[in-house]
Amino acid sequence: MAKIIILGAGLVGSVMAKDLAKAHEVCSVDLNQKALEPLSEAGIKTLCTDVSNKDTLQKIIKEYDIVVGAVPGFMGYKMMKHVIEAGKNIVDISFYPEDPFGLDDLAKEKGVVAVMDCGVAPGMGNIILGHHKTIWKLMTTNVWLEVCQKKRMAIRSIKLFFRL
(Lines give C-alpha, C1' and ligand atoms only; values in the text may rest on other atoms or scores of the structure.)
Protein backbone atom coordinates (compact mmCIF):
# COMPACT_ATOMS: atom_id res chain seq x y z
CA MET A 1 0.00 0.00 0.00
CA ALA A 2 1.44 3.33 -1.11
CA LYS A 3 1.05 6.65 0.67
CA ILE A 4 -0.40 9.04 -1.92
CA ILE A 5 -1.13 12.74 -1.58
CA ILE A 6 -3.51 14.29 -4.09
CA LEU A 7 -3.23 18.03 -4.64
CA GLY A 8 -6.65 19.32 -5.66
CA ALA A 9 -10.10 18.01 -4.73
CA GLY A 10 -12.12 19.27 -7.66
CA LEU A 11 -14.11 17.14 -10.09
CA VAL A 12 -11.16 14.99 -11.14
CA GLY A 13 -9.03 15.09 -7.98
CA SER A 14 -11.91 13.95 -5.78
CA VAL A 15 -12.66 10.96 -8.03
CA MET A 16 -8.99 9.98 -8.05
CA ALA A 17 -8.90 10.21 -4.25
CA LYS A 18 -11.91 7.93 -3.85
CA ASP A 19 -10.56 5.41 -6.34
CA LEU A 20 -7.01 5.33 -4.97
CA ALA A 21 -8.26 5.13 -1.37
CA LYS A 22 -9.64 1.66 -2.12
CA ALA A 23 -6.10 0.26 -2.13
CA HIS A 24 -3.81 2.96 -0.75
CA GLU A 25 -3.42 5.44 2.07
CA VAL A 26 -4.60 8.73 0.56
CA CYS A 27 -4.59 12.34 1.67
CA SER A 28 -6.52 14.88 -0.39
CA VAL A 29 -5.45 18.53 -0.22
CA ASP A 30 -7.38 21.58 -1.35
CA LEU A 31 -7.79 25.24 -0.41
CA ASN A 32 -11.58 24.81 -0.45
CA GLN A 33 -12.86 23.07 2.70
CA LYS A 34 -16.25 22.41 1.07
CA ALA A 35 -14.55 20.38 -1.68
CA LEU A 36 -12.86 18.25 0.99
CA GLU A 37 -15.97 17.51 3.08
CA PRO A 38 -17.35 14.65 0.93
CA LEU A 39 -13.92 13.01 0.93
CA SER A 40 -13.59 13.35 4.68
CA GLU A 41 -17.07 11.85 5.11
CA ALA A 42 -15.91 8.92 2.95
CA GLY A 43 -13.05 8.29 5.40
CA ILE A 44 -10.29 9.87 3.33
CA LYS A 45 -7.71 11.99 5.15
CA THR A 46 -7.99 15.63 4.09
CA LEU A 47 -5.97 18.78 4.55
CA CYS A 48 -7.19 22.31 3.82
CA THR A 49 -4.17 24.39 2.84
CA ASP A 50 -2.66 26.49 0.05
CA VAL A 51 -0.39 24.38 -2.18
CA SER A 52 0.65 27.44 -4.19
CA ASN A 53 3.03 28.26 -1.31
CA LYS A 54 6.30 26.41 -2.03
CA ASP A 55 7.30 25.91 1.62
CA THR A 56 3.86 24.65 2.61
CA LEU A 57 3.71 22.32 -0.38
CA GLN A 58 7.13 20.81 0.19
CA LYS A 59 6.40 20.32 3.89
CA ILE A 60 3.11 18.46 3.38
CA ILE A 61 4.39 16.07 0.68
CA LYS A 62 7.43 14.87 2.67
CA GLU A 63 5.81 11.79 4.20
CA TYR A 64 4.20 10.54 0.98
CA ASP A 65 5.51 8.08 -1.62
CA ILE A 66 3.90 9.76 -4.61
CA VAL A 67 2.19 13.04 -5.42
CA VAL A 68 -0.79 13.31 -7.76
CA GLY A 69 -1.35 16.80 -9.14
CA ALA A 70 -4.93 17.82 -9.92
CA VAL A 71 -4.71 21.58 -9.49
CA PRO A 72 -6.04 24.17 -11.94
CA GLY A 73 -3.88 24.64 -15.03
CA PHE A 74 -2.61 28.08 -14.05
CA MET A 75 -0.99 26.48 -10.97
CA GLY A 76 0.21 23.26 -12.60
CA TYR A 77 3.71 24.03 -13.84
CA LYS A 78 4.84 25.84 -10.69
CA MET A 79 3.40 23.09 -8.49
CA MET A 80 5.17 20.40 -10.54
CA LYS A 81 8.47 22.27 -10.26
CA HIS A 82 8.17 22.53 -6.47
CA VAL A 83 7.29 18.83 -6.12
CA ILE A 84 10.24 17.79 -8.30
CA GLU A 85 12.57 20.10 -6.35
CA ALA A 86 11.45 18.27 -3.20
CA GLY A 87 12.55 14.97 -4.78
CA LYS A 88 9.08 13.42 -5.01
CA ASN A 89 7.64 11.32 -7.83
CA ILE A 90 4.55 12.91 -9.38
CA VAL A 91 1.78 12.20 -11.85
CA ASP A 92 0.03 15.39 -12.91
CA ILE A 93 -3.19 15.94 -14.85
CA SER A 94 -2.98 19.73 -15.06
CA PHE A 95 -3.03 21.23 -18.54
CA TYR A 96 -0.91 24.37 -18.58
CA PRO A 97 0.60 26.64 -21.23
CA GLU A 98 4.22 26.13 -20.16
CA ASP A 99 6.24 23.38 -21.84
CA PRO A 100 6.36 20.48 -19.34
CA PHE A 101 9.64 19.28 -20.83
CA GLY A 102 11.22 22.36 -19.26
CA LEU A 103 11.22 20.30 -16.06
CA ASP A 104 12.88 17.24 -17.59
CA ASP A 105 16.45 18.10 -16.59
CA LEU A 106 15.37 18.96 -13.05
CA ALA A 107 13.52 15.64 -12.71
CA LYS A 108 16.58 13.74 -13.95
CA GLU A 109 18.84 15.69 -11.60
CA LYS A 110 16.56 14.89 -8.63
CA GLY A 111 16.13 11.25 -9.71
CA VAL A 112 12.35 11.42 -9.80
CA VAL A 113 9.69 10.21 -12.19
CA ALA A 114 7.45 13.05 -13.33
CA VAL A 115 4.54 12.06 -15.56
CA MET A 116 3.33 15.40 -16.87
CA ASP A 117 0.15 16.60 -18.54
CA CYS A 118 -1.48 13.22 -18.00
CA GLY A 119 -5.18 13.95 -18.40
CA VAL A 120 -7.31 11.78 -20.66
CA ALA A 121 -7.21 13.58 -24.00
CA PRO A 122 -4.88 15.18 -24.50
CA GLY A 123 -2.71 13.41 -22.00
CA MET A 124 -2.72 9.68 -21.39
CA GLY A 125 -3.71 8.98 -25.00
CA ASN A 126 -0.67 10.93 -26.19
CA ILE A 127 1.62 9.00 -23.85
CA ILE A 128 0.32 5.58 -24.93
CA LEU A 129 0.29 6.43 -28.62
CA GLY A 130 3.69 8.09 -28.47
CA HIS A 131 5.10 4.90 -26.95
CA HIS A 132 3.53 2.75 -29.67
CA LYS A 133 4.61 5.17 -32.37
CA THR A 134 8.20 4.74 -31.18
CA ILE A 135 7.94 0.94 -31.09
CA TRP A 136 6.25 0.63 -34.48
CA LYS A 137 8.19 3.48 -36.14
CA LEU A 138 4.97 5.07 -37.40
CA MET A 139 5.23 8.28 -39.38
CA THR A 140 1.79 9.63 -38.44
CA THR A 141 -0.91 8.47 -36.11
CA ASN A 142 -4.53 9.50 -36.37
CA VAL A 143 -6.65 8.82 -33.32
CA TRP A 144 -10.39 8.94 -32.78
CA LEU A 145 -11.39 8.87 -29.15
CA GLU A 146 -15.00 8.64 -28.05
CA VAL A 147 -15.83 9.66 -24.52
CA CYS A 148 -19.27 8.83 -23.18
CA GLN A 149 -20.67 10.73 -20.27
CA LYS A 150 -23.89 9.99 -18.43
CA LYS A 151 -25.62 13.24 -17.63
CA ARG A 152 -29.21 13.55 -16.43
CA MET A 153 -30.10 10.05 -17.58
CA ALA A 154 -28.94 10.71 -21.15
CA ILE A 155 -25.71 9.45 -22.62
CA ARG A 156 -23.71 12.18 -24.26
CA SER A 157 -20.98 11.15 -26.65
CA ILE A 158 -18.01 13.36 -27.41
CA LYS A 159 -15.70 12.48 -30.28
CA LEU A 160 -12.20 13.88 -30.27
CA PHE A 161 -9.59 13.69 -33.01
CA PHE A 162 -5.92 14.37 -32.66
CA ARG A 163 -2.76 13.58 -34.56
CA LEU A 164 0.62 12.62 -33.16
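Of note:
- Within the stretch 22-41, the set of residues being part of a loop (DSSP other than H, G, I, E, B), under 29 Å from Glu98 (Cα atoms) and aliphatic (A, V, I, L, M) comprises just one member, Leu31.
- Strands (runs of 3 or more DSSP E) within the stretch 42-131 that include 2 or more residues modelled with pLDDT under 95, surrounded by 14 or more Cβ atoms within 10 Å (Cβ to Cβ) and among the charged types (D, E, K, R): none
- Pairs, first over 10 Å from Val83 (Cα atoms) and in the same structural domain as Lys18 (by TED's automatic domain parsing) in the stretch 42-63, second of a type in the set (Gly, Ala, Ser) and buried (at least 16 other Cβ atoms within 10 Å of the Cβ), C-beta under 6 Å, six or more apart: Ile44/Ala17; Ile44/Ala21; Ile44/Ser28; Thr46/Ser28
The values are calculated or read from the model by the stated rules, or taken from the named source; none is laboratory data. None of these values were measured; they are calculated from a predicted model. Virtual Cβ from ideal backbone geometry, glycine too; neighbours counted across all protein chains shown.
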